[in-house]
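Undergrad: Dumping the structure here so I can ask a few things about it.
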């Protein structure tokens, strides 16, 4: 899977266009290769989530607003492909995926309809495709009660505040 590893490293590019193209290429490779991508899964998932979080923090400056939405949409599509092809192997990354898809204010409050639609579709696919371990959910912290409905929609089991104590209203 040398080609997959090479494309994963290109995701680190400071060029927004190159980063978007590499994420789209990863999505295509995942769809074609399926479970043969398993050896690269740890670096693949961590790189996608890191690039997504960095784009929220502004580490990669978009040329225009649509570039930012385009990158996030590409990452969401890549995560969807990973869930479809290798969902059974994603439980170690469940906390990171939930914090990215459910708790990122930039995704929740995005003005781009495509981003909100894709994120909503991912939220509904996560419980179906990824086997849940309760101890994996405990590493996900909700920043405020405003995002509580989104988190409850995902887990329907536990909600953990930043104080790491169970919510009294569950």
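The values are calculated or read from the model by the stated rules, or taken from the named source; none is laboratory data. Being a predicted model, the structure only gives us computed values, none of them experimental. Heads up, the Cβs are rebuilt from the backbone with ideal geometry, glycines too, and the neighbour counts pull from every protein chain shown.
Undergrad: Pull out all pairs, ordered by first then second residue, where Cβ-Cβ is under 6 Å, the residues are six or more apart or on different chains, the first lies in segment 8-36 and is touching a residue at least 24 places away in the same chain (Cβ under 8 Å) and on the phi < 0 side of the Ramachandran plot, and the second is in a helix (DSSP H, G or I) and exposed (fewer than 15 other Cβ atoms within 10 Å of the Cβ).
TA: 8/43
Undergrad: Being modelled with pLDDT under 90 and touching a strand residue (DSSP E or B) at 6+ places or on another chain (Cβ under 7 Å), is that true of even one residue in segment 91-108?
TA: Taking every residue of segment 91-108 in turn, at least one turns out to be modelled with pLDDT under 90 and touching a strand residue (DSSP E or B) at 6+ places or on another chain (Cβ under 7 Å).
Undergrad: Filter segment 3-33 for residues that are closer than 20 Å to residue 86 by Cα, at pLDDT 90 or above and under 18 Å from the mean Cα position of the chain (by Cα) and give the result.
TA: 22, 23, 24, 25, 26, 27, 28, 29, 30, 31
Undergrad: Further, regarding this structure: In segment 105-128, how many residues are surrounded by 18 or more Cβ atoms within 10 Å (Cβ to Cβ) and either at positive phi or part of a loop (DSSP other than H, G, I, E, B) (or both)?
TA: Total satisfying the criteria: 1.
Undergrad: For residue 55, state whether it is under 25 Å from residue 130 (Cβ atoms), modelled with pLDDT under 90 and crowded, with 21+ Cβ neighbours inside 10 Å.
TA: Answer is yes for this residue.
Undergrad: Could you list all residues from segment 94-103 that are crowded, with 21+ Cβ neighbours inside 10 Å and over 19 Å from residue 12 (Cβ atoms)?
TA: If the condition is that a residue be crowded, with 21+ Cβ neighbours inside 10 Å and over 19 Å from residue 12 (Cβ atoms), then 97, 98, 101, 102 are the ones that fit.
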